[in-house]
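These notes are about the structure you will find just below.
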C-alpha cells in the first residue's frame, strides 16, 4: 500500500485513489462509460448530480445521498452493483460537498433536505418507475427527514438510520462527547457572526472509525471534494435543525435499513432503536459485518443483492 501523503491522483481525479487501492480499478472505466454528469437548480444555486441511466426509464430509481464525509463520486462502489442489476440511480453532491462550486463544508441541514427533494423531482422528469430515496451514514437520516417533509418518494433505503434528537446518540458520537449539546447555545451565538468560519470536521465528529482502514480515513482528510472541513453553521445545523417533521412511529412507507453490527462510529443500537420505532408494516433490517463504511468488495455485492430483493418484494 502506498503512502497517501503523496496520493496517486490529485484535484478532481482524487476519487480514483480509493478505486485503485480498495474497490477496484475497473470501477473507474465503468464510471467513465456509464455515468452522466448534470447540474440541477436547488436552494443555493446549481448542484451537481451523477446519473446511472439504464435502458428502461420504467425501471425503479434510487436517489441516494452521501454522508458527512463523502460526496456522490465516492458512492460509485455502492451504486454500480445496483445499476448492473437494472436500477436507475441519481447521486447528488449536497450543498458544500463534492464538485459544487460554492464554499466547501458550508451548508445547513435544511439546505440538504431541499437538495435531496430537488434531486427526486428531477428524477421524476427522467424516469417513470417507482422512486426510492436513500442514503449512507448521515445520508440515512437525511433521506428520512426529506421524505417526511416533502412526501416525495415511494420508500426508503438506508445504510444506517439514527435520530439526531437522541441525546445519547449525540453524546456518544460528537467529538465533544457529553459536552456537545451544552456547547450548542454558545455555537449558535457565535455562528451569528462567524457562521462561515471553517474547521476540520474532526473538531465536531471523529473520523477515526469511519472505515476499518486508517489509510482510507487519512486519505479522506486530504480529498479536496470530501467533507473534511465544516463551517460552524453547518455543524450547528446538524444539532438544531435535524429533528424530523414526523415521528418514526407514523412513517408507513416501505423501509430497508442496513447496518454494520461492528460499527464504532454510529453504533448499531442507535439504528436498531429507530428501526424498531418505524410504523411501516413493510420494513426490513439487515445486519452487515464490519465497521461503519465498508471498503470490502463482498460487502458491496451483498448490499446490491439485499437492495434488489427488497425492491422486488416491495413491488
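Every number here is computed from the coordinates shown, using simple stated rules; none is lab data. Just so you know, these numbers come straight off a predicted model, no measurement behind them. Here the Cβ is made from the backbone with ideal geometry for all residues, glycine too, and neighbour counts use every protein chain on show.
Once you've got the GNM for the chain with C-alpha springs shorter than 10 Å, pick whichever of 279, 134, 105 has the biggest mean-square fluctuation.
Maximum among the listed residues: 279.
Using the 10 angstrom Cβ neighbour count as an exposure proxy, how do 61, 173 rank, fewest first?
173, 61
Compute the normalised compactness of the chain: alpha-carbon radius of gyration over 2.2 N^0.38 Å, N being the residue count.
So the Cα radius of gyration is 0.92 times the expected 2.2 N^0.38 Å.
I'd like the FRET efficiency for residue 46 and residue 241, computed as 1/(1 + (r/R0)^6) with the beta carbon distance as r and R0 of 22 Å, rounded to 0.05.
0.45
Give me 257, 306 ranked fewest to most by other Cβ atoms within 10 Å of their Cβ, as a rough exposure proxy.
306, 257
Which parts of the stretch 70-95 would a label at residue 38 reach, counting a residue when its backbone N lies under 12 Å from a point 7 Å out along Cα-to-Cβ?
In the stretch 70-95, the label zone of residue 38 (backbone N under 12 Å from the point 7 Å along Cα→Cβ) covers 89-92.
How much length is gained if the chain between residue 264 and residue 285 is pulled fully straight, taking 0.36 nm per residue apart and subtracting their Cα-Cα distance, in nm to one decimal?
5.7 nm
So what is the relative contact order of the chain, in percent, for Cα pairs below 8 Å that sit 6 or more residues apart?
After rounding, I find 18 percent.
Counting other C-beta atoms within 10 Å, which of 53, 233 has the fewest, and how do the rest follow?
Ordered from fewest to most neighbouring Cβ atoms within 10 Å, 53, 233 come out as 53, 233.
Assuming 0.36 nm per residue, please report the length gained on full extension of the stretch residue 8 to residue 252 beyond their Cα-Cα distance.
83.2 nm
Rg and Dmax of the stretch 107-167 over Cα atoms: what are they, in angstrom?
Values for the stretch 107-167 (Cα only, Rg and Dmax): 11.5, 40 Å.
What is the calculated FRET efficiency for residue 215 to residue 315, with r their C-beta to C-beta distance and R₀ = 35 Å, to the nearest 0.05?
Efficiency, rounded to the nearest 0.05: 0.30.
Which length gain, in nm to one decimal place, applies between residue 30 and residue 128 when the Cα-Cα distance is subtracted from 0.36 nm times their residue separation?
My answer for the length gained is 32.8 nm.
Running a GNM on the chain with Cα contacts under 10 Å, which residue among 39, 225, 259 ends up with the highest mean-square fluctuation?
39
Measure off 7 Å from each Cα along the Cα-to-Cβ vector at residue 208 and residue 168, then give the distance between these two points in nanometres to one decimal.
About 2.1 nm, to one decimal.
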